[in-house]
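Chemist: Pasting a structure here, questions to come.
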Amino acid sequence: MEHNYPSGTSVKWKKKATLARYLCQVAERRGRTTWKHILREQVSRAFCEENPTDLKEDLREIILVCRLWIESIDRGKQAYECDLQEG
């Protein structure tokens, strides 16, 4: 079955993408980066991409982050928010 939905991406997401990047950078400076920060930044960047080639690259990056996150869980290195008390 073929799924042909519009992307729904738009430069209107730029502010949210900028915020997600900022939050990721702040967390990194504090030594509190989580997979959620990284994935949110990647997804937000994809949401504001209108060029199909660049969007595909962003989506590949999202897949990579998800795979790395899963591998982290499998290695037992996954910390949970209750452990981090993330703000």
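Chemist: Kindly indicate whether ARG67 is under 11 Å from the mean Cα position of the chain (by Cα) and at pLDDT 95 or above.
Modeler: no
Chemist: In region 24-49, what count of residues is obtained for those that are surrounded by 11 or more Cβ atoms within 10 Å (Cβ to Cβ) and over 17 Å from TRP69 (Cβ atoms)?
Modeler: 5
Chemist: Which residue pairs have Cβ atoms closer than 8 Å, lie 6 or more positions apart in sequence or on different chains, and pair a first residue in region 1-12 that is under 20 Å from ARG45 (Cβ atoms) with a second residue that is among the aliphatic types (A, V, I, L, M) and surrounded by 10 or more Cβ atoms within 10 Å (Cβ to Cβ)?
Modeler: Pairs found: SER7/LEU55; THR9/ALA46; THR9/LEU55.
Chemist: For region 24-44, which residues satisfy the criterion of being in contact (Cβ under 8 Å) with a residue 12 or more places away in the chain and either at positive phi or not in a helix (DSSP H, G or I) (or both)?
Modeler: ARG32, THR34
The values are calculated or read from the model by the stated rules, or taken from the named source; none is laboratory data. Just so it is clear, the structure is predicted and the values come from calculations on it, not from any experiment. Every residue, glycine among them, receives a Cβ derived from its backbone with ideal geometry; neighbour counts consider all protein chains shown.
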